[in-house]
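So the structure is just underneath, and the comments pick up after that.
The values are calculated or read from the model by the stated rules, or taken from the named source; none is laboratory data. The shown structure was predicted, so the numbers you read here are calculated from the model rather than taken from an experiment. So basically every Cβ, Gly included, is an ideal-geometry build from the backbone, and we count neighbours across all protein chains shown. Surface areas here come from the heavy atoms of the whole protein model, side chains and all, with no ligands, DNA or RNA. Shrake-Rupley method; radii C 1.70, N 1.55, O 1.52, S 1.80 Å.
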Amino acid sequence: MAEIARDKAYRKLADRYCFEAHGIGYNDLKDAAKKAEIDTRVAQEKGGLSGAAMVSDAFFPFRDGLDVGIREGIRSVIQPGGSENDYQAIEACNEAGVTMVFTGQRSFKH
């Protein structure tokens, strides 16, 4: 799931750059060289995620999602906590020097 969110951020930034440069959406651009230029720029900028915060209205049950976000450049995590595996999220953030805040409150009810 975290990989899907990362891919979506990359696609949205590529679409923005394509529209700014060519006035059309990325998927409508047929020129492979121009697409490659956009792809390179987006990859260098990690989809615009560097410095972003990663937020959950529930909790991160495992560290894999956080690892993806950290690899893409997030600098902070905000979550209510409450998972039996919170220690994994804490370890992931500590290892990467990422700030984490536990709010202690969920934003939804089942």
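Data table
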item: Spin-label pair PHE19/VAL101, simplified geometry with 7 Å Cα→Cβ offset, distance in nm; result: 3.0
item: Helical mean residue ellipticity (222 nm; -39500 (n - 2.57) per DSSP H run of 4+; nearest 500) of the chain; result: -15500 deg cm²/dmol
item: Karplus-derived 3J(HN,Hα), 6.51/-1.76/1.60, for each residue of segment 52-63, Hz, glycine and proline x; result: 6, 9, 10, 10, 10, 8, 10, 7, 9, x, 9, 7
item: Cleavage-rule hits (GluC sites (Glu not before Pro)) in segment 28-110: DSSP loop, at most 15 neighbouring Cβ within 10 angstrom; result: GLU45, GLU84
item: Given [x] 14.8; [y] 15.3; [z] 16.3, the label whose value is Kirkwood radius over Cα pairs in Å derived from this model; result: [y]
item: Simple spin-label estimate for ASN27 and ILE78 in nanometres, 7 Å along Cα-Cβ; result: 3.1
item: Surface share of carbon and sulfur [accessible, 1.4 angstrom probe, percent] for the chain; result: 53
item: Of ALA92, ALA32, ALA21, the one that fluctuates the most in a GNM where the chain has Cα springs shorter than 10 Å; result: ALA32
item: Cβ charges +1 (Lys, Arg) and -1 (Asp, Glu), total dipole of segment 5-68, debye; result: 60
item: Proximal lysine pairs, the chain, alpha carbons under 25 Å, eight or more residues apart or interchain; result: 11
item: Residues of the chain: accessible area per residue with a 1.4 Å probe, Å²; result: 64
